[in-house]
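Derivation of every value follows stated rules applied to the coordinates shown; laboratory data play no part. It should be emphasised that the depicted structure is a prediction, and the values quoted were computed from it without experimental measurement. Backbone-built Cβ (ideal geometry, glycine too); neighbour counts: all protein chains shown.
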């Protein structure tokens, strides 16, 4: 593939594997709009995007980690931790709480990076330990109970108010983050290094690329994204929630994978990951509508089962695509 | 490597390092026991021993299965969820009207069917890893999350309490004065040790972990062996789930086996398993489980909060894996 020429189709849609997610997303949106009265209404779209913005931002961070061939299982616990941090800092306003809580997330990411790069501990063990540590930390600093935010300050504006009465602030913040890191991945040498590491870490090292710096960057980015998700959680629901975040890593991984990013790294797309997160959210949104119509009746416990089933379907699909493209590769 | 071999005897001052690396587990155990003997009240009493044996058995049983999976270079994150699933099924079966009518058959079904469900979970993991070639972390992540979900759907999220003397024997019975599940864990260890040292299957497990390509090229049944270890691991997890339910006389799908994957991985690694595969120290897994349990007990008995204990456990896992990595290099 010619990397120098600007390929608009690849830039927007993603890898050849990513086409499916866009098709599925659009098909599901059309299905929903035709079947349910309020589906395409401003309220549903707004609350849908608002709720899923947490998962989108975590998925973008996870996307970078997975592109290097790593994994970050700590994102859910880190988000829970930073939601508590943000709630404690909420009297000082969003302009203080947001950066400091994100910084707390970056610190967890830096800890992961040290364990993985300097101590050479496998990513899933290091981040599994951080998952445990952040969860313990969240419970310790919150005394194992939810921490109410200060409603007097401007902290809840982000999660609950709309910019110019139109678009929720959360969505704007997340959109900015998505676009910035989309450009970082596609247009900077750092982004290309991330992809090169996933392709072959040894080759990237031999070429003299700053491998360790790029790896440190992805884990700190993922931690920071989880930190931002924690702020959104606290701001949108009015409380720091130390027990939240269970299974978020799974949603994020599923979103990344459904977006066509290979779990082995070396290939990936930010917009396709966002599409993956939206698709996963849309599945739940439509199930809620079906619940409302009384066609099906799912208890909350089904969420976990469906999430697992969704990941299973995605992996199955990806392994088939991989097998097909492998065959094509050998015949060409 | 050669350079270091020559170096080592000269730097005699650092001779404790290799010793600690190859005997770290035993040293850690001795330190913890000595610490407890000195500082923890009532540590050297029979009651403490019973409590610890009955708790450690479940960790050890799962850790042995995990050791086999790790020996092939894999990992199984779904062990806790499989425990929750089998633990949720058992009371559903022996509390049903049918089982009340025929208690013996009911009891057999209440043990056999949850075990079967666990084995099916293992088969699912094994097929995902060996035939669909999904990375083990991702493949087992599916059941890690949805296995517990299925258990909660089955029980509608309710706590199931029961009194059932025969079933509770799994968790509260005594043989020669010591908890039944302790003996069970020991018996499983002996069987697995023989399997690993005396059978072709055991040899292939190590061969797959050592070098999968080489094992495949030399005609080894790589796929079957990999499916096999996940099935064994899930079966042992299912058994552990039943034991936990029997100990508590209650089944809570939300809590049964929670974070067990971490305990089991930590126990296996502390016991000397290499995450890259190729080593399966079965009795090491038991030693690792004892250490993990004693650390938990030490923290609890000395009034450290559960939440802080989580953080401590995180650092134990990191330290154990770090020492392992250093040993490899």
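A compact table of results
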| item | result |
| --- | --- |
| Among B:302-312, A:38-48, B:114-124, the order from most to least packed when residues are scored by Cβ within 10 Å on average | B:114-124, B:302-312, A:38-48 |
| Centre separation in Å (Cα based) which lies between segment A:228-301 and segment B:67-86 | 25 Å |
| Partner chain coverage, peptide B:317-324 - average Cβ within 10 angstrom | 5 |
| On Cα atoms only, tilt of B:180-198 relative to the major axis of chain B in degrees | 50 degrees |
| Linear extension gain, residue A:40 paired with residue A:298, 0.36 nm per residue minus alpha-carbon span | 90.6 nm |
| Fluctuation leader among B:270, B:191, B:62 - chain B, Gaussian network, Cα springs under 10 angstrom | B:191 |
| Distance between segment A:103-149 and segment A:64-88 - C-alpha centres, whole angstrom | 8 Å |
| Cα-based shape type of chain A, given that a ≥ b ≥ c are square roots of the gyration tensor eigenvalues and the cut on a/c is 1.5 | oblate |
| Length gained when the stretch residue B:26-residue B:98 is fully extended (0.36 nm per residue, less Cα-Cα span) | 21.0 nm |
| Choice from A:148, A:33, A:87 with maximal GNM fluctuation in chain A (Cα, 10 Å cutoff) | A:33 |
| Angle in degrees between helix B:16-39 and the longest Cα principal axis of chain B, rounded to the nearest 10 | 50 degrees |
| Tensor-based shape of segment A:231-273 (alpha-carbon gyration tensor, a/c under 1.5 rounded, otherwise prolate or oblate) | prolate |
| Pairwise label distance in nanometres, residue B:211 with residue B:186, each label 7 Å out on the Cα-Cβ vector | 4.0 nm |
| Simple label model, 7 Å out from Cα along Cβ direction - residue B:302 to residue B:133, nm | 5.0 nm |
| Angle in degrees between helix B:282-301 and the longest Cα principal axis of chain B, rounded to the nearest 10 | 70 degrees |
| Residue B:197-residue B:223 FRET efficiency (beta carbon distance; Förster radius 25 Å; 0.05 resolution) | 0.65 |
| Spin-label pair residue A:11/residue A:246, simplified geometry with 7 Å Cα→Cβ offset, distance in nm | 4.4 nm |
| Spatial separation of Cα centroids for segment B:52-66 and segment B:121-155, in angstrom | 21 Å |
| Cβ neighbours within 10 Å from other chains - mean over A:116-125 | 5 |
| Cα gyration tensor, segment B:40-328 - rounded (a/c under 1.5), prolate or oblate | oblate |
| Residue among A:205, A:156, A:146 with the largest mean-square fluctuation in a Gaussian network model of chain A, springs linking Cα atoms under 10 Å | A:205 |
| Estimated translational D of the protein assembly as shown in µm²/s (Stokes, Kirkwood radius over Cα pairs; 25 °C; 0.890 mPa s) | 94 µm²/s |
